[in-house]
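Trainee: Below is the structure I would like to discuss, written out as structure tokens.
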Amino acid sequence: MGASLRALRALVLLAGFYLLGLVLIAALVGIDIGASAAGIHGPSLAKIVIVSVVLAVPIVRGMFMLRLPKAEPLPGVTVSEEQEPVLWRTVRDIAAQVGTRAPDEIVLIADVNAGVTEDARLLGLRSGTRSLYIGLPLMTGMDEMRLRAVLAHEMGHYANLDTRLTPLIRRGRVQLLRTVENFQDRADAKVAKERAKQEKKAEKRIAAGKKAKAVDTTGDGAMYRAMAKIYTAYGKFYRRATLSAARRQELAADLASVRAAGRDSAASALRELNAIGPAHEFYMDSYATLGVGARLLPPPGQVFGGLRHLLDARAGELDGLRTDLPEEPASPYDSHPALAERVARIEALPDDGRGAQASRPSLELLADSEASLIALERAVLTPEAFAMRRLDWEDLVHESMSAYVGQGSEELQEAFAAEGVGTGGSKGSDLASLLKAVDADPAVRWRITDRLPKSDEAAAATGRAAREFARPVLRRALNQLVTAELTARGAARWQLSWTDSATLRYPADGFEEQLHGALDSATADLPDTEPLRKLVLAP
Amino acid sequence: MTGLIIFGLILLGGAAYRFITARTKTLQGKIAAHEAGAADAQTRTAAAKAEKKATQAAAVVALGYVAEADLDTENTRPESPEEKAALAAVRSGDWEAGAAYLDAAGEDWEERWQRVRPLSDVAAEDDAWLLAWRAARPSDPTAALVNADTAVLVAWKVRGSQSGSRTTQEQFRLFHDLLLTAQEAVHEAQRLADPGDPVPYMVEQAVAQGLGYPNDEYRKLWSEIIARDPKNLSAHANAQQYWARKWRGSHELAMSVALEAAASAAPGELLTLPALIALVEQELHEDDLKKEVFFKEPTAVAAVDAALADLAAADPGDWRTVRLRHLLAWLLFWQDRDAEALEQFKVIDGYIGAMPWYYYGKARYVHARDWVVRECTPGL
């Protein structure tokens with residue numbers, strides 16, 4: 001379908017929304033007139049009229065809500081041609097291959113993604129400012145040919161004029177969604193009101209010593225819901241009409257990608273996307289922000305750039321993601337068809353003889369990738385986060401894990417203070433004071449755990465059952481003190497691993513097994529603190 | 001035009017709303033008055049019903065049956081003075097009294113089993129005396145036995161008696177860990193025990209249930225028990241739990257194990273009990289079974305008849321017979337054999353800490369008993 005035809009359809013669909021509103025209002029008025037003509041009068045007629053007015057309100061509101069929420073621009077770093085000549089040359093090159101005008105600005109962003117927008121005017125009839133967004137994490141994970149494939153796909157949307165109609169389609173979607181939501185909110189509010197009323201009644205019945213009726217709100221808000229259903233049905237029609245086109249647009253853009261980068265690069269770029277996305281998410285959660293609770297960040301440029309370490313270390317794991325592509329679209333509203341389908345369509349194309357060319361890492365397209373990564377941090381992170389203390393990875397892991405263990409023992413300190421452990425002039429570590437106190441009175445252990453937070457079940461337990469609830473808590477607390485003691489002395493160190501979670505490296509081989517035994521003895525009903533003291537405190 | 005219509009409708013609507021709300025208010029007042037009247041009538045009939053019920057219950061009590069409030073739901077027989085004394089002694093820290101009480105059972109393994117649990121109950125709440133006992137006599141088989149049984153008891157206490165969905169992760173994890181600890185304690189007790197003593201193996205039956213031993217492993221445990229005491233009634237009753245559908249067996253397995261036990265025993269040895277348990281467990285497990293139908297099926301009638309014959313052949317002084325009688329009372333009641341049921345109720349009345357009542361509660365017991373009494377007492 002040509003661009004002008006698609007534009008026309010978008011317009012018609014939007015007009016359909018207004019038409020639907022007018023038809024519904026006309027129907028409501030018709031019912032009122034009909035009722036009055038049929039001889040209904042007095043209170044019954046009034047009731048019918050009221051209902052129709054109440055239903056008309058959301059329709060009218062939906063039609064006159066003209067202002068759309070502004071699309072937020074993505075935070076990022078806009079780079080000029082002088083700053084990034086190679087990147088710009090590459091992008092122009094791709095634009096020429098795809099057969100469209102190059103973008104007017106390039107913005108580096110912090111996602112595993114690339115995208116294009118066009119500030120189109122006159123309902124999409126005239127071209128506007130074109131922006132190309134490129135994620136630095138995406139560049140971190142892809143070589144140049146694959147990046148070219150991704151960028152060619154995005155610029156393929158310019159060439160097909162897809163970007164021009166986006167605002168128009170968006171308007172239709174947003175207005176529909178709002179109207180449906182408005183109806184549903186009103187229905188829910190009505191149900192909630194009715195429920196509250198019935199519950200109050202039930203309470204009264206119970207207070208009067210009678211059996212309460214079950215709360216039933218089945219029929220409430222039915223009219224609102226019926227109206228919402230009409231709009232939802234139109235919305236579904238709207239979505240089907242535009243979505244299949246949207247998906248076709250994606251497939252067309254994929255063809256542009258194949259033309260620009262070659263079949264194999266285009267396919268492997270999509271596979272790569274499926275791997276880098278989850279890897280980046282995991283990296284951000286488990287590595288980049290690991291120290292945030294201790295107000296620590298990795299060195300400048302590594303907040304987004306550190307992804308490279310993870311990709312290298314977990315290459316094998318990521319291979320699975322490269323081969324097992326999702327068979328379903330990410331959501332029914334996603335304009336992209338399922339990744340598996342896109343890749344299959346590309347790989348079914350005849351061999352263009354270009355293979356998956358070896359090429360340089362795409363970060364090398366940047367004049368100074370390190371500086372760009374730092375600039376991105378400045379643009380994306382809050383000033384507060386940006387100003388956090390920076391440590392290299394090894395120290396970051398050790399210091400933040402040590403800090404978390406320390407934070408975790410704060411409530412333990414309070415329990416100690418309340419039980420008089422470590423007071424009265426005894427010197428030395430928390431662990432030493434606790435072991436001393438246990439030797440003097442083993443029951444102090446259960447008094448301490450009693451002051452720590454516990455579950456309802458643990459709180460309700462008595463006798464030995466209560467002790468069994470407390471024993472694992474005591475063990476964890478002791479283990480925490482051992483860790484704090486060992487790390488403070490420099491005898492143990494938290495170890496960074498790019499393939500696994502951080503682990504504590506103990507002073508010697510076999511230490512961990514010995515520690516298990518020593519903790520068992522110290523938490524037994526008849527405790528022996530000697531093994532723990534010898535193992536941890538003696539040297 | 002549309003705007004004008006809407007405006008008009010809104011104005012009209014406002015006036016109409018006033019009118020309607022005024023009307024509904026008076027209507028609501030009338031409805032409320034009506035409802036209050038109906039509620040009064042309900043209260044009166046409810047009061048009349050309760051009064052009638054109380055009179056009926058009082059009539060049964062007047063015949064010498066125990067009042068609902070006075071029923072003992074913990075025990076199947078009165079606590080013996082020896083037991084009372086032993087429990088009081090260990091509570092005050094005298095573990096030697098506990099040891100003596102347990103060892104006095106000698107090689108009556110059923111009796112030894114019966115004496116362990118009350119001590120474990122005390123230890124589960126406060127085990128200072130048990131720790132002292134263990135410290136003083138590390139290789140005392142009786143101390144090891146109480147220790148093992150207490151460990152099992154504590155594991156089940158931590159798990160609680162709620163269904164799986166209402167049991168927390170913490171409870172499940174601890175339950176499992178504690179059962180493993182209990183298993184170690186059980187094995188220790190087995191090592192230290194008299195080679196002929198089946199009781200530490202009977203304690204393991206509860207561990208097997210909780211840890212879900214595979215059937216073969218359970219059969220191995222079972223062979224250890226019956227090699228030592230082939231006719232032990234409690235061991236057979238315990239096994240019914242494991243073989244029940246709700247744990248690691250099925251209705252069919254449970255019944256076949258039960259019938260096998262009955263076939264292996266002479267009348268009077270009371271091993272018709274497992275079949276009665278299997279019936280009650282199956283009925284409890286299946287929501288769609290109707291007691292008045294299921295308990296009248298030929299299998300159930302045969303099991304009840306066999307148990308009655310067994311009971312008739314038993315030593316009348318054997319306290320274990322009450323375990324049959326509780327189940328018989330319930331099943332005979334559902335089979336409409338009221339006179340036979342009454343015979344059982346007469347014996348068991350007062351102490352109902354037994355199957356099936358701990359599943360159903362006091363009220364069901366009283367309902368069944370009073371029904372049977374009324375049916376069998378002309379003029380009541």
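The values are calculated or read from the model by the stated rules, or taken from the named source; none is laboratory data. Just so you know, these numbers come straight off a predicted model, no measurement behind them. Don't worry about glycine lacking a Cβ; one is built from the backbone with ideal geometry, like all the others, and counts go over all protein chains shown. Please note that ligands, DNA and RNA were not included when accessible areas were found on the heavy atoms of the full protein model with its side chains. Shrake-Rupley method; radii C 1.70, N 1.55, O 1.52, S 1.80 Å.
Trainee: Determine ³J(HN,Hα), in whole Hz, for all residues of the range B:131-136 in sequence, where each value follows from phi through the Karplus function 6.51 cos²θ - 1.76 cosθ + 1.60 and θ = phi - 60°; x replaces Gly and Pro.
Mentor: 4, 5, 4, 4, 5, 6
Trainee: Order A:28-35, B:147-154 from most to least packed using the mean count of other Cβ atoms within 10 Å.
Mentor: Per-residue Cβ counts within 10 Å, averaged per peptide and sorted highest first, yield B:147-154, A:28-35.
Trainee: Over 36 Å apart: what share of the alpha carbon pairs of chain A falls there, rounded to a whole percent?
Mentor: When every Cα pair of chain A is considered, 58 percent fall beyond 36 Å.
Trainee: Sticking with this one: If you take the square roots of the eigenvalues of the alpha-carbon gyration tensor of chain B and sort them as a ≥ b ≥ c, do you get rounded (a/c under 1.5), prolate (a/b over b/c) or oblate?
Mentor: Prolate is the answer for chain B, as a/c is 1.5 or above and a/b outweighs b/c.
Trainee: Let me ask something else about it. Rounded to the nearest percent, how much of the accessible area of chain A (1.4 Å probe, protein heavy atoms only) is carbon and sulfur?
Mentor: That fraction is 57 percent.
Trainee: Counting only protein heavy atoms and a 1.4 Å probe, tell me what percentage of the range B:164-304's accessible area is made up of carbon and sulfur.
Mentor: 52 percent
Trainee: Given the rule -39500 (n - 2.57) for each run of at least 4 DSSP H residues, summed and divided by the residues of chain A, what is its mean residue ellipticity at 222 nm, to the nearest 500 deg cm²/dmol?
Mentor: Rounded to the nearest 500, it is -20500 deg cm²/dmol.
Trainee: Output the pairs from B:K84/B:K291; A:K193/A:K229; B:K53/B:K290; A:K47/A:K229; B:K220/B:K246; A:K197/B:K53 with a Cα-Cα distance over 27 Å in this structure; if there are none, say none.
Mentor: From B:K84/B:K291; A:K193/A:K229; B:K53/B:K290; A:K47/A:K229; B:K220/B:K246; A:K197/B:K53, over 27 Å: B:K84/B:K291; A:K197/B:K53.
Trainee: If you don't mind, there's one more thing I want to ask. In Å³ and rounded to a whole number, note down the convex hull volume per residue for the Cα atoms of the range A:394-539.
Mentor: 126 Å³
Trainee: Here is a follow-up. Counting helices only, and only those DSSP H runs with n ≥ 4, report the 222 nm mean residue ellipticity of chain B as the sum of -39,500 (n - 2.57) divided by its residues, in deg cm²/dmol to the nearest 500.
Mentor: Rounded to the nearest 500, it is -24000 deg cm²/dmol.
Trainee: Based on the alpha-carbon gyration tensor of the range B:221-367 and its eigenvalue square roots a ≥ b ≥ c, which shape applies: rounded if a/c is under 1.5, prolate if not and a/b is larger than b/c, or oblate?
Mentor: Verdict is oblate for the range B:221-367.
Trainee: By the scheme Lys and Arg +1, Asp and Glu -1, what is the net charge of all other residues having a beta-carbon under 13 Å from that of B:A67?
Mentor: Net of charged neighbours comes to -3.
Trainee: Show me the GluC sites (Glu not before Pro) within the range B:249-354 that DSSP assigns to loop and that have at most 12 other Cβ atoms within 10 Å of their Cβ.
Mentor: Answer in residue order: B:E286.
Trainee: Under a point-charge model restricted to the Cβ atoms of Lys and Arg (+1) and Asp and Glu (-1), what is the dipole moment magnitude of chain A relative to its Cα centre, in debye to the nearest 20?
Mentor: 3380 debye
Trainee: To the nearest 0.05, how large is the calculated FRET efficiency for B:A309 and A:E414 if R₀ is 51 Å and r is the Cβ-Cβ distance?
Mentor: 0.15
Trainee: Relative contact order of chain B: what whole-number percent is it, with Cα pairs under 8 angstrom and at least 6 residues apart?
Mentor: 15 percent
Trainee: Right, another one. Could you order the peptides A:290-299, B:201-210 from most to least packed, using the average number of other C-beta atoms within 10 Å per residue?
Mentor: Going by the mean number of other Cβ atoms within 10 Å, highest first, we get B:201-210, A:290-299.
Trainee: Taking every DSSP beta bridge that has both residues in the protein assembly as shown, what percent is antiparallel when rounded to the nearest 5?
Mentor: So the antiparallel bridges amount to about 65 percent of the total.
Trainee: With the radius of gyration and the Kirkwood radius both derived from the Cα set of the range A:405-483, what is their ratio Rg to Rh?
Mentor: 0.96
Trainee: For A:G408, what is the net charge nearby, where nearby means another residue's Cβ is under 13 Å from its Cβ and Lys, Arg count +1, Asp, Glu -1?
Mentor: It works out to a net charge of -3.
Trainee: Please compute, for peptide B:366-379, the average count of beta-carbon atoms on other protein chains lying within 10 Å of each residue's beta-carbon.
Mentor: 0
Trainee: Related question: Taking each residue in A:47-58, count the Cβ atoms of any other chain within 10 Å of its Cβ, then average. What number comes out?
Mentor: Across A:47-58, the average partner-chain Cβ count within 10 Å equals 4.
Trainee: Using a cut-off of 15 Å between beta-carbons, work out the net charge of the residues near B:A244 (Lys and Arg +1, Asp and Glu -1, B:A244 not included).
Mentor: -1
Trainee: Compute, for the protein assembly as shown, the length of the dipole vector about the Cα centre, with Cβ point charges of +1 (Lys, Arg) and -1 (Asp, Glu) only. Units Debye, rounded to 20.
Mentor: For this selection, approximately 6040 debye.
Trainee: Still on this structure, please answer the following. I want to make sure I understand the PRE zone here: with the label point 7 angstrom from the Cα of A:T129 toward its beta carbon, which residues in the range A:91-118 have backbone N atoms less than 14 Å away?
Mentor: Correct set: A:103-107, A:117-118.
Trainee: For the range A:468-539, what does the equivalent ellipsoid look like in terms of its semi-axes, each the square root of 5 times an eigenvalue of the Cα gyration tensor, given largest first in whole Å?
Mentor: 23, 15, 10
Trainee: Evaluate 2.2 N^0.38 Å with N set to the residue count of the protein assembly as shown, then give the Cα radius of gyration divided by it.
Mentor: After normalising by residue count via 2.2 N^0.38 Å, the value is 1.35.
Trainee: Determine, for each peptide in B:313-323, A:336-346, A:248-258, the mean count of other beta carbons within 10 angstrom over its residues, then list the peptides with the highest first.
Mentor: Going from most to least packed, we get A:248-258, A:336-346, B:313-323.
Trainee: Among DSSP beta bridges whose residues both lie in chain A, state the antiparallel percentage, nearest 5.
Mentor: Given both bridge residues lie in chain A, the antiparallel proportion sits at roughly 65 percent.
Trainee: Summing both sides, how much accessible area is buried between B and A? Use a 1.4 Å probe and give Å² to the nearest 100.
Mentor: Separately minus together, B and A give about 2200 Å² buried.
Trainee: Name the residues whose placed amide hydrogens come within less than 5 Å of the amide hydrogen of A:R493, ignoring near sequence neighbours (fewer than 5 apart) on the same chain.
Mentor: Residues meeting the amide H criterion: A:R505.
Trainee: Here's something else I'd like to know. Please find the FRET efficiency linking A:V12 to A:R195, where r is the Cβ-Cβ separation and R0 is fixed at 51 Å, and quote it to the nearest 0.05.
Mentor: 0.75
Trainee: Let me ask another. Largest first and in whole Å, what are the equivalent-ellipsoid semi-axes of the range A:272-319 based on the Cα gyration tensor, each being the root of 5 times an eigenvalue?
Mentor: 21, 10, 9
Trainee: Further question: Under a point-charge model restricted to the Cβ atoms of Lys and Arg (+1) and Asp and Glu (-1), what is the dipole moment magnitude of the range A:275-367 relative to its Cα centre, in debye to the nearest 20?
Mentor: The calculated dipole for the range A:275-367 is roughly 480 debye.
Trainee: Please compute the per residue accessible area over the protein assembly as shown with all protein chains in place, 1.4 Å probe, rounded to a whole number of Å².
Mentor: 50 Å²
Trainee: Over the whole of A:459-472, what's the average partner chain Cβ count within 10 Å per residue? Rounded to a whole number, please.
Mentor: 5
Trainee: Do any residues of the range B:132-159 show a loss of at least 20 square angstrom of accessible area between the isolated chain and the full protein assembly, using a 1.4 Å probe, and if so which?
Mentor: B:V154, B:V158
Trainee: Moving to a separate point now. What shape does the range B:198-254 take by its C-alpha gyration tensor, where a ≥ b ≥ c are the square roots of the eigenvalues and a/c under 1.5 counts as rounded, a/b above b/c as prolate, and the rest as oblate?
Mentor: Here the range B:198-254 falls in the prolate category.
Trainee: Hey, another quick one. Taking θ as phi - 60°, what are the ³J(HN,Hα) couplings along the range B:138-150 by the Karplus curve (6.51, -1.76, 1.60), each to the nearest whole Hz, with x for Gly and Pro?
Mentor: Those phi angles translate into x, 10, 6, x, 5, 4, 4, 5, 4, 4, 5, 5, 5 Hz.
Trainee: How big is Rg to Rh over the range B:73-216, alpha-carbon atoms, Rh as the Kirkwood inverse-mean-distance radius?
Mentor: 0.97
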